[in-house]
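Down below is the structure, laid out as structure tokens.
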Amino acid sequence: MRPIPRLVVALALAVLAVVPAAWAADTSLHLVLTPSQKPTDLLAAGEEFGRALGRLVGASVRVTVASDYAAVVEALRNRTADLAFVHPVGYVLANREAKATIVARNLWHGKSSFTSRLFVRRDSGLTRLEDLRGKTIAFVDPASSSGYIYPMVLLIQRGLVQKADPKTFFREVVFSGAHDASMRALLNGHVDAIASFDLAREQYLADPAERERITWVAETEPIPEAGIAARAGLDPATFARVRAALLQIRGPAYAPLLKRLYEIDGFAPADDHDYDPVRAAMDLLGVRPR
């Protein structure tokens, strides 16, 4: 777990203390959520998170769930959103295309990074990445870090996928739209394999018997955690207050809410350079701004 320097917290709290209360009276922020799970459940948790964030910032926070990953970037680009929960690739795209800036980075299971895995059913007989040739796979979204970009980079580096086209290796490729949907499709036998984050099995399969049916055959390099990004042109005082507020949202007081939202522990300071490894992965795959 990456500790938050005491000086950072002290300065952040000082910002909250010195800005006049009158500043917040007319302030309204729009926070967009990345649709990585069932939208109705995510929105309910997101709205509660918005109220908590709003109390700390001193502003009203409206929360919506984007239709897909690309819509998150678009909302930051056209400034219909002030803030957005972004996955790692989504942040790089938002920074490149919309000049968005990372505000804070998620802490997840005590870590500020994770990996992607290629999951299969344990009884499938598939034990190596090479065994997936000619099989069917569900990715999450073309802009998903763990659900597409990083596993594709792994497949390219192993010489299994040619010309960045997954169909040169897999018989059929589908996009599920969400990590939980991918896991369920694998469990139900609709696909032979899926790409998802390292703890997807534990997060989405509550039944130990179902978890036991799923295993994995390959794992990527570490991916820097996702976080919250701010649109270009957001007032610096607002940006500072949001960052200060996010650093306060952690357990134990907020633990149940954060778990319902994205299964995260809280937030840590973040810098744009944290995502340079993601940029390198995207460049290898040829992901470019539209």
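The values are calculated or read from the model by the stated rules, or taken from the named source; none is laboratory data. Quick caveat, the model's predicted, so the values are computed rather than measured. Every residue, glycine among them, receives a Cβ derived from its backbone with ideal geometry; neighbour counts consider all protein chains shown.
Details
- Residue 106 meets each of the listed conditions (1) crowded, with 20+ Cβ neighbours inside 10 Å; (2) without any contact (Cβ under 8 Å) to a residue 24 or more places away in the chain apart from (2).
- In the stretch 90-114, the residues that are at pLDDT below 95 and part of a loop (DSSP other than H, G, I, E, B): 109, 110, 112
- Candidate set from the stretch 47-70 (those that are closer than 19 Å to residue 261 by Cα and under 14 Å from the mean Cα position of the chain (by Cα)); member that is surrounded by the fewest Cβ atoms within 10 Å (Cβ to Cβ): 68
- Taking the stretch 270-290 as the range and being surrounded by 15 or more Cβ atoms within 10 Å (Cβ to Cβ), part of a loop (DSSP other than H, G, I, E, B) and either outside the structural domain of residue 104 (by TED's automatic domain parsing) or of a type in the set (Phe, Trp, Tyr) (or both) as the test, only 287 passes.
- Yes/no for residue 267 being in the same structural domain as residue 169 (by TED's automatic domain parsing) and either among the aromatic types (Phe, Trp, Tyr) or at pLDDT 95 or above (or both): no
A quick yes/no check of all residues on (1) within 13 Å of residue 118 (Cα to Cα); (2) in the same structural domain as residue 261 (by TED's automatic domain parsing); (3) touching a Gly at 6+ places or on another chain (Cβ under 9 Å); (4) of a type in the set (Val, Ile, Thr):
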| residue | (1), (2), (3), (4) |
| --- | --- |
| 150 | yes, no, no, no |
| 156 | no, no, no, yes |
| 164 | no, no, yes, no |
| 180 | no, no, no, no |
| 188 | no, no, no, no |
| 203 | no, no, no, no |
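Results for (1) closer than 17 Å to residue 114 by Cα; (2) in contact with a Pro (Cβ under 7 Å, 6 or more places away or on another chain), shown as yes or no for each residue.
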site	(1), (2)
226	yes, yes
239	no, no
248	no, no
251	no, no
262	yes, no
275	yes, yes
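- Cβ-Cβ contacts under 7 Å between residues 6 or more apart (or on different chains), taken from a first residue in the stretch 137-163 that is of a type in the set (Ser, Thr, Tyr) to a second residue that is in a helix (DSSP H, G or I) and surrounded by 20 or more Cβ atoms within 10 Å (Cβ to Cβ), are listed as 144/69; 144/89; 145/88; 145/89; 145/278; 150/281.
- Odd one out for residue 83, checked against (1) surrounded by 24 or more Cβ atoms within 10 Å (Cβ to Cβ); (2) closer than 21 Å to residue 147 by Cα: (2)
- Within the stretch 60-80, not a single residue is part of a loop (DSSP other than H, G, I, E, B), touching a residue at least 60 places away in the same chain (Cβ under 8 Å) and touching a strand residue (DSSP E or B) at 6+ places or on another chain (Cβ under 7 Å).
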